[in-house]
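The values are calculated or read from the model by the stated rules, or taken from the named source; none is laboratory data. Bear in mind the structure is a predicted one, so any value in this text is a computation, not a measurement. Every residue, glycine among them, receives a Cβ derived from its backbone with ideal geometry; neighbour counts consider all protein chains shown.
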Amino acid sequence: MNGFLIEEATRRSGLVWLGLPTGPRPAWHVWQDGAAYVVTGGKEQPLPGLSDLRHVIVTVPSKDNRSRLISWLAACTRVEPSSAEWETVVPVLQAARLNLPDGERSGERWARECTVVRLSPTGQVLDAPGRMPAGSAAAAPPPTPATTVGRLPGMLRRRRRV
């Protein structure tokens with residue numbers, strides 16, 4: 001049952017959150033052959049440290065209300081540019097990637113500048129419907145010296161006179 005839920009939720013979601021050492025990061029992905037694939041580095045999405053990790057927590061949001069649907073543990077494997085897996089997954093990634101600056105030649109750029117990572121489910125589900133933690137998993141806002149000083153704008157909560 002867990003494998004089915006992981007696959008269906010991740011396949012339908014256009015975005016997942018990855019628990020990286022620098023903090024959670026959103027990532028676009030594709031689901032192919034029982035795993036999620038992401039591209040990082042170069043001009044693509046920054047996912048610092050992902051290519052060095054052995055495991056990462058993948059959190060899938062619900063498409064309906066964007067709340068956390070399921071979190072699962074993934075084994076991270078780098079996809080080598082000359083491999084058969086690369087030849088299979090890169091066209092699928094290219095089709096899913098919006099606004100590619102170099103079109104079909106992006107595979108060559110990814111081989112030079114980027115890393116394609118396979119996120120394979122380990123079978124370990126951390127959060128799922130009926131097993132969600134009670135507290136919020138939202139990150140606290142970073143500290144800032146910014147303040148609001150001075151008067152509020154004159155039009156705030158008032159109707160303009162005609």
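Overview of results
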item	result
Residue match in the range 24-32 (condition: farther than 28 Å from A140 by Cα, in contact with a Ser or Thr (Cβ under 7 Å, 6 or more places away or on another chain) and modelled with pLDDT of 90 or more)	yes
Residue match in the range 81-101 (condition: under 25 Å from P142 (Cβ atoms) and out of contact with any Gly (no Cβ under 6 Å at 6 or more places or on another chain))	no
Count of residues meeting criterion [farther than 17 Å from V30 by Cβ and crowded, with 20+ Cβ neighbours inside 10 Å] in the range 106-118	0
Flag if L69 is closer than 18 Å to L126 by Cβ, in a strand (DSSP E or B), without any contact (Cβ under 8 Å) to a residue 60 or more places away in the chain and not small (G, A, S)	no
Criterion (in contact (Cβ under 8 Å) with a residue 24 or more places away in the chain, surrounded by fewer than 14 Cβ atoms within 10 Å (Cβ to Cβ), closer than 18 Å to P121 by Cβ and more than 10 Å from the chain's Cα centre (by Cα)) met by exactly one of G23, G34	G34
Residue list for the range 1-34, restricted to those being in contact with a helix residue (DSSP H, G or I) (Cβ under 9 Å, 6 or more places away or on another chain), under 16 Å from T59 (Cβ atoms) and either among the small types (G, A, S) or in a strand (DSSP E or B) (or both)	G14, V16, L18, L20, R25, A27, W28, W31
Candidate set: the range 87-105, residues that are assigned to a helix (DSSP H, G or I) and under 20 Å from the mean Cα position of the chain (by Cα); chosen: the one surrounded by the fewest Cβ atoms within 10 Å (Cβ to Cβ)	A95
Every residue from the range 55-80 that is at pLDDT 90 or above, surrounded by fewer than 18 Cβ atoms within 10 Å (Cβ to Cβ) and either of a type in the set (S, T, Y) or on the phi > 0 side of the Ramachandran plot (or both)	T77
Test: residue in the range 107-122 that is modelled with pLDDT under 75 and closer than 28 Å to G23 by Cβ	no
Filter pass, A139 being surrounded by fewer than 11 Cβ atoms within 10 Å (Cβ to Cβ), at pLDDT 85 or above and within 19 Å of the chain's Cα centre (by Cα)	no
